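Report on one structure; see the data block that follows.
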Amino acid sequence: MGRGHLSNLVEPPDFRAKEVISHTGLTGSELTRATPILARLARLMRDYDMTLAEINPLARLADGSFVALDAHMEMENEARPRQRPLLDDLGVDPTDMREPYEPSAFERNVKAIDSADHRGVIQGKDHGFSGNLGLVIGAGGGSLTLTDAVRSQGGRPANYTEIGGNPSVSKACGLAKEVLSKDGVEKIAVMMSIVSNTRVDIVARGVIKACLELDKDPGETIAIFRIPGAWEEEGFKILERYGVEYCDRSVSMWEAAGRAVAKIQEEQVAGSR
Amino acid sequence: MSVLLSEDFTFIVQGITGREAVNLTRECLDYGSKVVGGVTPGRKGREVHGVPVFDTVEQVTEALGYVPDGSVVTVPPAFTKDAVFEAIVRGVKLVVIVTERIPRRDVAEMVELADRYGARIIGPNCLGVIVPEVCKMGGIGGPAKDAAKAYTPGAIGVMSRSGGMTTEISSTLTAAGLGQSTAISIGGDAIIGSTYAELMPLFEADEQTEGIVIYTEPGGRMEAQLSEWVKENDSRLPIVAFMAGRFMDSEEMKGMSFGHAGTIVEGKEDTATEKIARLEAAGIPVVERIDEIPDAVKDKLGAKV
Amino acid sequence: MEARSKELEAVFIEVEVDASIATDAELARKLAEVCPVDIFATDDGHVAIVRSNLDECVLCELCLDAAPDGTVRVKKLYDGTELVR
């Protein structure tokens with residue numbers, strides 16, 4: 001096997017490809033003929049922002065020349081704007097994000113709400129989720145941690161979300177409404193790790209407003225609100241006014257998730273009686 | 001002592017007139033950090049919270065008469081590479097990149113250039129570094145009064161792929177009487193300037209640090225590198241890890257990224273299960289809950305004495 | 001299940017402008033300029049309140065700074081208090 005690391009600061013030179021191929025024991029005209037293929041593959045990977053560029057299998061014809069029988073390339077999303085000309089050539093539409101699956105209505109709606117308002121960032125996914133507890137959670141790491149905490153304690157999340165970057169009231173409201181409108185969702189858990197940029201009071205307004213606009217009682221619908229941090233005193237006043245159970249940083253993310261799970265389970269037991 | 005930052009550490013903010021940068025500058029100044037200049041091309045002569053703004057890093061160093069120790073880069077993704085190159089070539093040795101969604105190739109170039117110039121990059125897609133009650137470089141912990149609530153001086157080094165969770169973990173440690181020597185939001189992208197294993201030697205050499213807590217996620221090889229580093233270097237520092245994103249192990253989540261750009265399960269090595277096994281094999285306990293971290297740290301510290 | 005949805009306004013915040021300044025065109029322009037969430041607008045030289053933006057108020061008090069003392073009041077409907085100079 002031949003293996004080599006390339007500099008990203010300069011165009012991958014031919015000699016590096018030659019060295020790598022020579023490590024496999026190839027020599028003679030095979031070496032000189034295979035070298036440009038590997039060198040061009042390396043340049044292609046760099047020039048077109050690929051995260052993977054693979055030729056497999058590579059075949060040698062009777063005349064000694066090499067041809068690629070199949071190839072696999074992956075371009076990263078962050079580079080799509082500057083690779084637009086190539087994507088246009090390939091007929092990849094700007095709206096086609098090439099997800100590994102078809103986005104759901106929930107995912108499309110959340111995306112539309114996010115792009116309509118530049119304040120803050122929200123994301124929503126429900127592929128692979130089919131539970132009854134709606135999650136209005138954030139931010140990146142907090143969402144991962146909280147989704148685990150709900151599942152580990154027997155809860156069944158209906159979805160995954162991320163709130164970040166201090167969204168507007170209407171954006172938080174829009175996200176909560178989408179989660180609440182999912183089939184089978186009766187309650188939502190509104191939770192984040194300690195926030196420093198996103199404001200507690202703004203998210204509180206958003207999720208309460210979502211309940212009110214859907215004619216639901218916020219105190220009944222929001223199983224738990226656990227977002228400590230910026231403007232929490234103001235946020236807690238709002239939550240108190242609407243009878244929503246909330247907690248500060250003294251209640252861990254795990255405990256808050258557990259309370260939400262317990263509430264939804266109690267309700268099911270009561271409902272089945 | 002601490003790592004990366006100290007009381008006399010000076011830094012600039014590139015992209016200082018942007019909305020988030022203005023807030024970040026205010027927060028850092030309030031915390032006592034020495035923000036000595038800012039750069040936004042075309043805005044020379046302005047001030048942001050009393051910090052003078054220049055067109056280039058070169059102008060800043062000329063005006064100051066010295067090269068600042070660090071730079072916080074918060075410019076749009078298409079311009080980040082140039083800004084980072086500028087800082088490094090002008091002699092800045094610590095660059096914190098806040099910007100998200102920078103193409104990987106650009107990051108790879110920045111990291112390589114930094115290496116050649118003997119500079120260090122933290123991030124991209126991070127909130128920065130904080131040495132409690134000494135210096136805050138970046139948005140980490142938020143406004144000074146909020147940062148003071150979560151972070152207290154002490155013996156634990158914190159490294160985290162999530163900016164928000166750096167604060168959550170530090171706050172949990174603080175509540176349990178465990179302060180932090182330095183907390184570093186290392187960034188959530190697939191390629192970052194400084195991984196756990198690359199930062200470990202700094203903590204290892206820091207007298208104040210007695211233990212390490214890391215926050216990790218699925219995706220990438222950083223945890224495997226850390227396990228190897230620990231085994232090869234016979235580290236004096238006990239490490240406790242928390243792994244988020246265990247739910248991503250399920251087959252239907254494969255190829256989906258959650259939370260951060262680098263958090264994606266593409267192969268078996270990327271899964272939480274595999275990473276937990278590797279870390280534990282290296283003697284690093286992986287707890288399931290954030291609120292279990294303080295006891296796990298105390299156990300480890302106790303076992304060491 | 002298709003949830004019925006309505007759009008509510010001013011659930012959390014109400015803003016009152018004193019009659020003495022309501023027709024001040026210059027002040028109307030100033031209020032519209034300082035408010036980061038566009039609660040104020042100018043309407044033919046009058047101060048207008050954009051009701052659909054009221055709940056976006058971030059309590060920054062820039063409108064209170066811009067207007068003569070006591071002429072703009074920001075009411076927090078959730079606790080009955082108000083911001084006023």
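The values are calculated or read from the model by the stated rules, or taken from the named source; none is laboratory data. Bear in mind that the values here come from a model prediction, so they are computed numbers and not experimental data. Here the Cβ is made from the backbone with ideal geometry for all residues, glycine too, and neighbour counts use every protein chain on show. Side chains included, ligands, DNA and RNA excluded: accessible areas come from the protein's heavy atoms. Shrake-Rupley method; radii C 1.70, N 1.55, O 1.52, S 1.80 Å.
Observations
- B:His49 paired with B:Glu252, simple spin-label distance in nm, labels 7 Å along Cα-to-beta-carbon: 4.6 nm
- Computed from phi, the 3J(HN,Hα) profile of region B:216-231 under the Karplus parametrisation 6.51, -1.76, 1.60 (θ = phi - 60°) reads 10, 9, x, x, x, 10, 4, 6, 5, 4, 5, 4, 5, 4, 4, 5 Hz, with x in place of Gly and Pro.
- Convex hull volume per residue in cubic angstrom - Cα atoms of the protein assembly as shown: 190 Å³
- Förster radius 60 Å - calculated FRET efficiency between A:Glu240 and C:His46 (Cβ-Cβ, nearest 0.05): 0.95
- Extending 7 Å from Cα along the Cβ direction at B:Ala281 and again at A:Arg119 yields two label points whose distance is 5.1 nm.
- In region C:13-83, the portion of solvent-accessible area held by carbon and sulfur atoms comes to 48 percent [1.4 Å probe, whole percent, DNA, RNA and ligands not counted].
- From the largest down, region B:19-77 spans 26, 25, 21 angstrom on the principal axes of its Cα atoms.
- Binned Cα-Cα distance frequencies in chain B - 20 Å width, integer %: 35, 57, 8
- Computed from the C-alpha gyration tensor, the three semi-axes of the ellipsoid equivalent to region A:70-114 are 23, 13, 9 Å, from longest to shortest.
- Solvent-accessible heavy-atom area per residue, rounded to whole Å², over region C:13-83 at 1.4 Å: 48 Å²
- Region A:226-258 and region B:113-147 have Cα centres spaced 28 Å apart.
- Hydrodynamic radius by Kirkwood, which averages 1/r over all alpha carbon pairs of chain C, in angstrom: 13.3 Å
- Residues whose amide H comes within less than 5 Å of that of B:Ala190, counting only those at least five positions distant or on another chain, are B:Gly262 (H built at 1.01 Å from N in the peptide plane).
- Subtracting the Cα-Cα distance of A:Ser104 and A:Arg33 from their residue separation scaled by 0.36 nm leaves 20.7 nm.
- For region C:1-52, the set of trypsin sites (Lys or Arg not before Pro) satisfying both a DSSP loop assignment and a count of at most 16 other C-beta atoms within 10 Å is given as C:Arg4, C:Lys6.
- Taking N as its residue count, the alpha carbon Rg of region A:16-58 over 2.2 N^0.38 Å: 1.20
- Per-residue ellipticity at 222 nm, computed for chain B from helices alone with -39500 (n - 2.57) per DSSP H run of at least four residues, works out to -11000 deg cm²/dmol.
- Distance between region A:15-71 and region C:1-61 - C-alpha centres, whole angstrom: 65 Å
- Inter-chain Cβ neighbour count for B:106-115, averaged per residue, equals 3 (cutoff 10 Å, partner chain atoms only).
- Net charge of neighbours whose Cβ lies under 15 Å from the Cβ of B:Arg105, counting Lys and Arg as +1 and Asp and Glu as -1: -4
- Two-decimal log10 I(q)/I(0) for region B:1-133, as the Debye equation yields it once each C-alpha is a single scatterer, q = 0.09, 0.10, 0.17, 0.19 Å⁻¹: -0.22, -0.27, -0.84, -1.07
- Averaged over the residues of peptide A:73-80, the number of Cβ atoms from other protein chains lying within 10 Å of each residue's Cβ is 4.
- Hydrodynamic radius (Kirkwood) for region B:72-129, which is based on Cα pairs only, to one decimal in Å: 10.9 Å
- Straight Cα distances below 22 angstrom link C:Lys30 to the lysines C:Lys75, with same-chain residues fewer than 8 positions distant left out.
- Other residues whose C-beta falls under 10 angstrom from the C-beta of A:Ser152 contribute a net charge of +1, scoring Lys and Arg +1 and Asp and Glu -1.
- Of the peptides B:208-220, B:32-44, the ranking by mean beta-carbon count within 10 Å, highest at the top, reads B:208-220, B:32-44.
- Solvent-accessible area per residue in chain A equals 45 Å², computed with a 1.4 angstrom probe and all protein chains kept.
- The smallest convex shape that holds all Cα atoms of region B:1-52, its convex hull, gives 76 Å³ per residue.
- Debye, to nearest 20: dipole size of region B:190-305, +1 on Lys, Arg Cβ, -1 on Asp, Glu Cβ: 60 debye
- In summary, the aspartates and glutamates within cross-link reach of B:Lys268, defined as a Cα separation below 16 angstrom excluding same-chain residues under 8 places away, comprise B:Glu217, B:Glu223, B:Asp249, B:Glu251, B:Glu252.
- Ellipsoid semi-axes in whole angstrom, largest first, where each is sqrt(5λ) of the Cα gyration tensor of region A:111-265: 19, 17, 16
- Loop sites in region A:159-245: chymotrypsin sites (Phe, Trp or Tyr not before Pro), DSSP, at most 12 other Cβ within 10 Å: none
- For region A:222-272, the square roots of the Cα gyration tensor eigenvalues, ordered a ≥ b ≥ c, give a/c of at least 1.5 with a/b no greater than b/c, which places it in the oblate category.
- Spatially proximal aspartates and glutamates relative to B:Lys145 (Cα-Cα < 19 Å; intrachain offsets below 8 disregarded): A:Asp201, A:Glu232, A:Glu233, A:Glu234, A:Asp248, B:Glu7, B:Glu20, B:Glu27, B:Asp30, B:Glu133, B:Glu168
- Carbon + sulfur, % of accessible area of chain B - ligands and nucleic acids excluded, 1.4 Å: 49 percent
- Remark: the A:Leu69-A:His5 segment gains 20.5 nm on full extension, using 0.36 nm per residue and subtracting the alpha carbon distance.
- Local net charge near B:Ser250, Cβ-Cβ under 15 Å (Lys/Arg +1, Asp/Glu -1): -2
- Considered as an equivalent ellipsoid built on the Cα gyration tensor, region B:147-265 has semi-axes of 25, 18, 11 Å, the largest given first.
- For chain A, adding -39500 (n - 2.57) for each run of n ≥ 4 DSSP H residues and dividing by the number of residues yields -14000 deg cm²/dmol at 222 nm.
- Annotated for chain A: lysine pairs at least 8 residues apart or interchain, Cα distance under 14 Å, count 10.
- Entry comment: accessible area of chain B is 37 Å² per residue, from protein heavy atoms only and a probe of 1.4 Å.
- For chain A, diffusion coefficient by Stokes-Einstein and Kirkwood Rh (Cα), 4 °C, 1.567 mPa s, µm²/s: 59 µm²/s
- Rg and Dmax of region A:14-90, based on Cα coordinates, read 14.4, 42 Å.
- Burial ranking of peptide ranges A:97-108, A:209-220 (average Cβ count within 10 Å, highest at the top): A:209-220, A:97-108
- Two-site label geometry, A:Asp183 and C:Lys6: point separation in nm, points 7 Å out along Cα→Cβ: 2.9 nm
- Summed buried accessible surface, chains B and A, 1.4 Å probe, nearest 100 Å²: 3600 Å²
- Computed accessible area, B:Thr17, all protein chains, 1.4 angstrom probe, square angstrom: 40 Å²
- Peptide B:254-260 - average C-beta neighbours from other chains (10 Å radius): 6
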